[in-house]
Amino acid sequence: MPVDIHIDKADQADDHNERGISFFNLQRYPDAIKEFTRAIKIIENDPDYHYNRGLAYYSMKMLEQAIKDYGRAIELMPDHADYHNAIASAYEDLAEFQKSLDHFNRAVSLEGDVPDYFYNRGNLYSKMGDHEAALRDFSRAVELNNADLIFLYRRYEMEMEMERYEDALADMDTAISLVPSNPYYYIGKAEVLRRMGRKDDARGALENGLSVVPDNPDLLRALENL
């Protein structure tokens, strides 16, 4: 029975790709790159192989190599939102903000229900000094996934920077209601109240935190410094 060479090559490439993923998960990035490269040599036009190698390069801070691989993945599959999100992050790290924004915009246009894309673009807008746009994106991330408090906390930070204290206070109250054991939410609430001139309320917020997380050194330090 004749051997299907195409299938055999596909299996070989997939095997190297799977090995690369295993090495990547173990943070053995050079080994991962070797395996992804072997997969690419067998089948050059699989976008995931380039994307995966790009992730490994990115993890090693080899940003230009990562961008090259992400770019090749995009050439092969232009409408894959994750590829655009990944290359946008690499461009952001290189401070090529307009290129980064273009790709974050593309990711959002392709999949407008992924909170991470809005969160990432919000961070970029913040670096670019566009606080209103950043706040909109953080708010959208919260709307899409209000269970991930990193989105809520990042919005709080932006609201504090923009001196929107009532909104910031509401976000910290929400965070405390969801995870009452996190001392940093009480500290965040106290900082809002302090900036609002409500020092006694700020003290009360910290004392409330200590009633939930007794003897927490960060809460005690914040209370001492109030």
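Readers should treat all values here as calculations from the given coordinates under stated rules, not as data from a laboratory. Remember, predicted model here, so these are calculated numbers, not experimental data. Cβ coordinates were reconstructed from backbone atoms using ideal geometry, including for glycine residues, and neighbour counts include every protein chain displayed.
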For the chain, what class follows from the C-alpha gyration tensor (a ≥ b ≥ c being the square roots of its eigenvalues): rounded when a/c is under 1.5, otherwise prolate if a/b is larger than b/c, else oblate?
-> prolate
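Figure the gain on full extension for Asp31 and Leu210 (residue separation times 0.36 nm, minus the Cα-Cα span) and round it to one decimal in nm. Don't jump to the answer; show the numbers that get you there.
Values: separation 179, 0.36 × 179 = 64.44 nm, distance 4.73 nm.
Result: 59.7 nm gained on full extension.
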Proximal lysines to Lys68, defined as alpha-carbon separation beneath 27 angstrom and excluding residues fewer than eight positions away on the same chain | Lys9, Lys34, Lys41, Lys99, Lys127
What percent does the relative contact order of segment 152-226 come to when contacts are Cα pairs within less than 8 Å and at least six residues apart?
-> 25
Classify segment 144-226 as rounded, prolate or oblate from the Cα gyration tensor: take a ≥ b ≥ c as the square roots of its eigenvalues, call it rounded if a/c is under 1.5, otherwise prolate when a/b beats b/c and oblate if not.
-> oblate
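Using r as the Cβ-Cβ distance of Asp173 and Ser22, and R0 as 41 Å, what FRET efficiency do you calculate, to the nearest 0.05?
Details: r = 44 Å, r/R0 = 1.07.
Working from the Cβ atoms, E equals 0.40.
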Can you pull out the trypsin sites (Lys or Arg not before Pro) in segment 6-105 that DSSP calls coil and that have at most 16 other Cβ atoms within 10 Å?
-> Arg28, Lys61
